[in-house]
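Below: one structure, written as structure tokens.
The values are calculated or read from the model by the stated rules, or taken from the named source; none is laboratory data. Just so you know, these numbers come straight off a predicted model, no measurement behind them. Cβ: placed from backbone, ideal geometry, glycine included. Neighbour counts: every protein chain shown. Protein only, heavy atoms only, side chains kept; ligands, DNA and RNA dropped before computing areas. Shrake-Rupley method; radii C 1.70, N 1.55, O 1.52, S 1.80 Å.
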Amino acid sequence: MYADAETIRKILTTDGDTWAVVGLSNNQSRAAYGVAAVLQRFGKRIVPVHPKAEAVHGEQGYASLADIPFPVDVVDVFVNSELAGAVADEAVAKGAKAVWFQLGVVDEEAYARTRAAGLDMVMDRCPAIEIPKLG
């Protein structure tokens, strides 16, 4: 079980409001674009992380987590599973409180490493689906 209700609620309500969204670009056909908009509607600050480092939804983009010059609370991962583990490790190094792997993003070893480092983590879920359920 990689997404218990208590952890989901904690990440969405108390872990913090600055979300680095890894894989977010201005490509409106990608899931990251819509999910980031939902996070903003629910009061989260989104920080686009993409090699192009483009601004998305009015927020400055960065090429990597390490390039972000301020703390982030949650790292939301939209890259494929083969790349996700490295992003989780970067989130730990960045000092994030939580890592969220999107639907279809699964890396059990990264999950174990991230939890062992003391971070909250959800895998194979979507915050845009979960956040409205909070009521």
Classify the chain: rounded, prolate or oblate, from the alpha-carbon gyration tensor (a ≥ b ≥ c, eigenvalue square roots; a/c under 1.5 rounded; otherwise prolate if a/b is larger than b/c)? rounded
Within a Gaussian network of the chain (alpha carbon springs, distance under 10 Å), most fluctuating of Q28, Q40, Q102: Q28
With a 1.4 Å probe and all protein chains left in place, how much of the accessible area of the chain comes from carbon and sulfur atoms, in whole percent? 51
Using θ = phi - 60° and Karplus 6.51 cos²θ - 1.76 cosθ + 1.60, couplings along the stretch 125-131 (whole Hz; Gly, Pro as x): 9, 10, x, 5, 7, 7, 5
Can you bin the stretch 13-83 into rounded, prolate or oblate? Criterion: square roots of the alpha carbon gyration tensor eigenvalues sorted a ≥ b ≥ c, rounded for a/c under 1.5, prolate for a/b above b/c, oblate for the rest. rounded
Here the gain from full extension of T14 to S64, 0.36 nm per residue of separation minus their alpha-carbon distance, amounts to 15.6 nm
Would you mind checking which residues have amide H under 5 Å from C126's amide H? H placed 1.01 Å from N; only 5 or more apart, or other chain. L103
Would you work out which of A88, A110, V35 lies farthest towards the positive end of the dipole of the chain, given +1 charges on the beta-carbon of Lys and Arg and -1 on that of Asp and Glu, about the Cα centre? V35
Pseudo-spin-label distance Q40 to E109, built 7 Å along Cα→Cβ, given in nm, is 3.7
Under 15 Å Cα-Cα from K10, which aspartates and glutamates qualify once same-chain neighbours fewer than 8 residues away are excluded? D73, D76, D120, E130
Restricting to the chain, what percent of DSSP beta bridges are antiparallel, rounded to 5? 5
If I take every Cα pair under 8 Å that is 6 or more residues apart in the chain, average their sequence separation and divide by the length, what percent do I get for the relative contact order? 25
Whole-number accessible area per residue in Å² for the chain, which is evaluated in the context of all protein chains at 1.4 Å: 48
Checking the a/c ratio against 1.5 first, then a/b against b/c, what shape does the Cα gyration tensor give for the stretch 59-135? rounded
Fluctuation leader among A20, A32, A110 - the chain, Gaussian network, Cα springs under 10 angstrom: A110
Check which residues have an amide H placed less than 5 Å from A96's amide H, if you skip close sequence neighbours. none
